[in-house]
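See below for the structure under consideration.
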Amino acid sequence: MLKHSWMMSWLLGVVFLLAWEGWVVVNQTSPLVLPAPSVVVVSLLQGLSSGYLWPHILSTLSAVLMGFLLGSAMGFLGGLLLGELTGLRGVVMPFVLASQVIPKLALAPLFIVWFGFGSLPIIVMTALICFFPLLENTAAAIRQTDSKQLELFRMLRASRWQTLWHLKVPAGRVTIYAGLRVAVVLAWVGAVVAEFIVASKGLGALIIAAQGSMDTPLMFAVLTLITVLGLCFYKSTQWLTRT
């Protein structure tokens, strides 16, 4: 069944690309407006073979990885605290929510003032976006531990620390892993959007540069790269967190 689903997905993708190519050819659409997939592939291969794209790819990859790891670690630890300390959740959660409803794009000018240009503001913005899914999912997983299992651990005189690490975290790993998978997707959103504003290098910055030079095929090539890399990150996280 899974193999059949993958084959259908690939078939649907091929049909979509062929329809796109046919539409552009039949309507003689300018590449400036909508390049054909074949034109996008040529632009992508030229950028990779010439080495032009690699510094941008590596810059975005490092920002995504560092921001994801930092934000996920903070979210996981924060979720443990809020899940364990119910009173703390009531005090802290309004401030956490307030920090999340503020559009991260609006914070970019402040990050430039505080951290300067370069990779640091991108990493910070990416970490902030990855932080909340892990925080919320971890806290929910800790609070939803089965009461009968908790009672068993109390009867065995397990300490609070032992109950947390040997019962609550393992029992809630499915919910925690779900938050992790959401975070890895949002990491790409955060990094690329941050690069639109604060970076001179990276895939997000390259999209802005391609827009300025009216190089639409390059824009689509970069979007293709972001999509492929994002899917690879998601599938890797899915494989690592399989239960």
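Placing +1 on each Lys and Arg Cβ and -1 on each Asp and Glu Cβ, with no other charges, gives the range 38-240 a dipole about its Cα centre of roughly 680 debye. When shorter helices are ignored and each DSSP H run of at least 4 residues is given -39500 (n - 2.57), the per-residue value for the chain at 222 nm works out to -27500 deg cm²/dmol. The C-alpha atoms of the chain define a longest principal axis, and helix 173-198 lies at about 40 degrees to it.
Counting 0.36 nm for each residue step from THR227 to LEU85 and taking away their Cα separation leaves a gain of 47.2 nm.
Projecting the Cα positions of ALA183, SER30, ALA171 onto the charge dipole of the chain (unit charges on Cβ atoms of Lys, Arg, Asp and Glu, taken about the Cα centre) puts ALA171 furthest along the positive direction. Under a Gaussian network description of the chain, with springs only between Cα atoms under 10 Å, the residue in GLY78, GLY116, GLY13 that fluctuates furthest is GLY13. Comparing GLN211, GLN149, GLN100 in a Gaussian network model of the chain where C-alpha atoms under 10 Å apart are linked, the largest mean-square fluctuation is found at GLN149. Between the range 30-46 and the range 207-243, how many Å separate their Cα centres? With the range 30-46 and the range 207-243 each reduced to a Cα centre, they are spaced 16 Å. Among all stretches of the chain without exposed trypsin sites (Lys or Arg not before Pro) (DSSP loop, at most 10 other Cβ atoms within 10 Å), which one is longest? Free of exposed loop sites, the longest segment is 1-156.
Sequence-ordered 3J(HN,Hα) estimates for the range 151-165 from the Karplus curve with 6.51, -1.76 and 1.60 and θ = phi - 60° stand at 5, 4, 5, 5, 5, 7, 6, 6, 6, 4, 5, 5, 5, 5, 7 Hz, glycine and proline given as x. 3J(HN,Hα) along the range 61-68, derived from phi through the Karplus expression 6.51 cos²θ - 1.76 cosθ + 1.60 where θ = phi - 60°, amounts to 4, 5, 5, 5, 4, 5, x, 5 Hz, with x in place of Gly and Pro.
The angle separating the long axis of helix 104-115 from the principal Cα axis of greatest extent in the chain is about 90 degrees. Using only Cα atoms, find the angle between the long axis of helix 203-212 and the longest principal axis of the chain, and express it within 0 to 90 degrees, rounded to the nearest 10. Roughly 30 degrees, rounded to the nearest 10. Over the chain, Cα pairs under 8 Å with separation of 6+ residues give a relative contact order of 26 percent.
Largest GNM mean-square fluctuation across ILE112, ILE176, ILE129, computed for the chain with C-alpha springs under 10 Å, falls on ILE112.
Students often get this wrong: which residues of the range 95-114 have the backbone nitrogen under 18 Å from the point 7 angstrom along Cα-to-C-beta of ARG143? From the range 95-114, the list is 95-101.
Computed from the coordinates by the stated procedures, all read-outs in this text should not be read as laboratory data. The shown structure was predicted, so the numbers you read here are calculated from the model rather than taken from an experiment. Because the Cβ atoms are built from the backbone with ideal geometry, glycine has one as well, and the counts that use them run over all protein chains shown.
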